[in-house]
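Below: the structure, in structure tokens.
The values are calculated or read from the model by the stated rules, or taken from the named source; none is laboratory data. The shown structure was predicted, so the numbers you read here are calculated from the model rather than taken from an experiment. Neighbour counts run over all protein chains shown; Cβ positions are idealised from the backbone, glycine included. The protein model used for the area step is the full one, side chains on, heavy atoms only, and it has no ligands, DNA or RNA in it. Shrake-Rupley method; radii C 1.70, N 1.55, O 1.52, S 1.80 Å.
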Amino acid sequence: MVKKKRIRLIAEMARKIRVYRELKNRPRESEKYALDYDTMTRPHTKKTLPVLAWQDVRRESRLFSLLSGLRMFGVGHLFTRKSWLTEHPEAPSYWQVTKVKVDYTAENMDHGRAWGILTYKGKQESEAKEMDKVMYHDWRLVPKHEEEQFKLYNPVPEPPIRYVSYPPLLRAMLLAQRQKDELGSAAEEPTLPLKRDVLLSKEYFRSQEKKRERQEGTAV
């Protein structure tokens, strides 16, 4: 006979209360990411920001610092980042904000969560998702009169793939053979061509026939 499992209502209620208290007592983003600009230290974690980030922290802005000064909290506007502009200026990368959830307990309402459609290196994603790294100090607003010019992008066609890697076992065998032939020197990475340029002419078939005859020998 299977023993029935005892339902401990009081223990289950106590567990739910503990979980609720942990969620209620956890620090908000405005407390967690608060920053003392004099000492460049976060009061909650007592951690100091890297020295290389001090200049951007003083000059640049967080995402919600820009959103809080816009109508409808910037929904519909384009936002980019300084790192994107410096790393790959040839292709536009930006977020188009679609939804904002502000933390109204923050002093200047400069904390919260935001969602948008990401366009990275000229390739736009199909669905909206939550924006990450909103607390970084490198966000920039794209002015309305510059949005069309900022979004212009003529993609360069990617060259076709002509070579692929060998399967792992075959690759290891080829590398071992090449190292053996080259007396232990560094061997080049073997690649497999996807297309072989062979001219199927009469001369090609004649050479193949002669090669086959030499291998098989002349019939007696």
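Just order 61-67, 27-33, 201-207 by mean Cβ neighbour count inside 10 Å, highest at the front, would you?
61-67, 27-33, 201-207
At a probe radius of 1.4 angstrom, the accessible area of the chain per residue rounds to 83 square angstrom.
On a full-extension model of 0.36 nm per residue, what is the gain between Tyr204 and Arg8, subtracting their alpha-carbon distance, rounded to one decimal in nm? Spell out each step's value before the answer.
Working: separation 196, 0.36 × 196 = 70.56 nm, distance 8.48 nm.
Fully extending the segment from Tyr204 to Arg8 adds 62.1 nm.
Across region 98-143, the relative contact order, built from alpha-carbon pairs under 8 Å that are at least six residues apart, equals 28 percent. For the peptides 126-132, 40-46, 19-25, the ranking by packing is 40-46, 126-132, 19-25, with the highest mean count of neighbouring Cβ atoms within 10 Å listed first.
For region 1-138, the fraction of 1.4 Å probe accessible surface lying on carbon and sulfur atoms is 53 percent. I want to verify a result. In a Gaussian network model of the chain, Cα cutoff 10 Å, which of these has the top mean-square fluctuation: Arg18, Arg171, Arg58? Between Arg18, Arg171, Arg58, it is Arg171 that shows the largest mean-square fluctuation.
What number, in percent, do you get for the relative contact order of region 4-122 if the mean sequence gap of Cα pairs under 8 Å and at least 6 apart is divided by its residue count? Working shown, then result.
Details: 124 pairs, mean separation 22.4, N = 119.
Computed value for region 4-122: 19 percent relative contact order.
In this simple spin-label model, placing a label point 7 Å from the Cα along the Cα-to-Cβ direction at both Ile117 and Lys144 gives a separation of 1.9 nm. Extending 7 Å from Cα along the Cβ direction at Leu23 and again at Asp103 yields two label points whose distance is 1.7 nm. Straight-line cross-link reach from Lys210 at under 26 Å between alpha-carbon atoms covers these lysines, not counting any fewer than eight positions away in the same chain: Lys195, Lys202. Helices assigned as whole DSSP H runs in the chain whose Cα atoms extend at least 18 Å along their own long axis and whose mean Kyte-Doolittle hydropathy is -0.5 or higher are found at 9-25, 168-181.
Relative contact order of the chain: what whole-number percent is it, with Cα pairs under 8 angstrom and at least 6 residues apart? Working shown, then result.
Numbers: 240 pairs, mean separation 32.6, N = 220.
Relative contact order here is 15 percent.
Averaged over residues, the count of other Cβ atoms within 10 Å places the peptides 160-167, 92-99 in the sequence 92-99, 160-167, highest first. Taking 0.36 nm per residue of separation and subtracting the Cα-Cα distance, full extension of the segment from Tyr37 to Asp132 would add 31.9 nm. With the convex hull of the Cα atoms taken as the outline of the chain, the averaged projected area works out to 32.9 nm².
Computed over the chain, the per-residue total of -39500 (n - 2.57) for DSSP H runs of n ≥ 4 gives a 222 nm mean residue ellipticity of -9000 deg cm²/dmol, rounded to 500.
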